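Reviewing the structure listed below.
Coordinate-derived values only; no laboratory data. For clarity, every value in this text was computed on a predicted model and none was experimentally measured. Ideal geometry is used to build each Cβ from the backbone, glycine not excepted, and the neighbour counts take in all protein chains shown.
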Amino acid sequence: MGAKILLVDDDPDISSLLQGQLEQAGYLVKLCDAGDEVLGALHSYKPDLLITDVMLPGIDGYSLISHMGDDEELRTLPIIVMSALTTSRSMFETLPQVKAFFSKPFSAEDFLEAVKAALAK
């Protein structure tokens, strides 16, 4: 059984594309499309990795990660951040949970390598 990934993006085309790539690579993927649903989904699904967009309805990616840092169960969960806003990269590079940042669009091969590296214990 593959690692469990929670994928958060409000663009259904991107979510579907990434879900297909991740599942083809052997991962179990749950989708979430709104930031205000993520914390509940993290607690119920208990993923091994969170992949999140920055701009989400309900809560932005930075606030989400800040809330996770305050939660004993979630503070060590590895995170990969995606964004069309390349200028937001510097905000996330200093957060210890963030293992990679991808500016959209990005290479599927590089993305899957980052997922593999983030899940490596």
Practice item. Give me the percent of Cα-Cα pairs in region 4-119 that sit more than 19 Å apart, rounded to a whole number. Key: 38 percent
Review point. What size of dipole, in debye to the nearest 20, comes out for region 4-119 about its Cα centre when the only charges are +1 on Lys and Arg C-beta atoms and -1 on Asp and Glu C-beta atoms?
Key: 320 debye
Study note, to complete from the structure: Once the in-chain neighbours fewer than 8 apart are removed, the aspartates and glutamates whose Cα is under 15 Å from Lys4 read Glu23, Asp48
Review point. Hey, what did region 4-119 get for relative contact order, percent, Cα under 8 Å, at least 6 apart?
Key: 23 percent
Practice item. Whole Å is fine, so just give me how far the alpha carbon centre of region 72-90 lies from that of region 8-49. Key: 14 Å
Check your understanding: Using only helices, what value at 222 nm comes out for the chain when you add -39,500 (n - 2.57) per DSSP H run of length 4 or more and divide by the total residues, to the nearest 500 deg cm²/dmol?
Key -> -12000 deg cm²/dmol
